[in-house]
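Since the structure comes first, as structure tokens, the remarks are kept for the end.
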Amino acid sequence: LLAESSCLFYGIKIGYSSSLTLTSKSSKVKAGCKGDANYLQPTLMCAVPLILERIYKSVVDTMKRHGWFAEELFHYLVSYKMKWQDRGFDTPLLNKTLFRKIRYFLGGRVRLLLS
């Protein structure tokens, strides 16, 4: 409540969404229609762990459709990025290639996901 009130005080726009309509691949979104994230285009996204798991599962399912090699490569690159972020560094090459697609999946402007 404090974070929400602070955002409103500073004039930051807030958007609300349901887990069933968040992304274009959500269960309550018609085929060919955009999800709420594509319309809201959030920069900062706060969600409960269950929602983040659904997003992760959707991305992993997409990688599974590309084959086992793409799925294993994705898991390796995610762990690689997490390792370097724990050390205080960023991975700009991975951000421009692989993680750009995930960012567009969530509206295109996401810089931070909070749980």
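If the condition is being in contact (Cβ under 8 Å) with a residue 40 or more places away in the chain and loosely packed, with under 11 Cβ neighbours inside 10 Å, then the range 85-114 contributes Arg111, Leu112, Leu114. Residue count for the range 58-115, restricted to those that are among the basic types (Lys, Arg) and more than 21 Å from Ala47 (Cβ to Cβ): 5.
For the range 17-27, what are the residues that are modelled with pLDDT of 85 or more and over 19 Å from Gly108 (Cβ atoms)? Of everything in the range 17-27, those that are modelled with pLDDT of 85 or more and over 19 Å from Gly108 (Cβ atoms) turn out to be Ser18, Leu20.
The values are calculated or read from the model by the stated rules, or taken from the named source; none is laboratory data. As the structure is a prediction and not an experimental result, all values here were calculated from the model. Don't worry about glycine lacking a Cβ; one is built from the backbone with ideal geometry, like all the others, and counts go over all protein chains shown.
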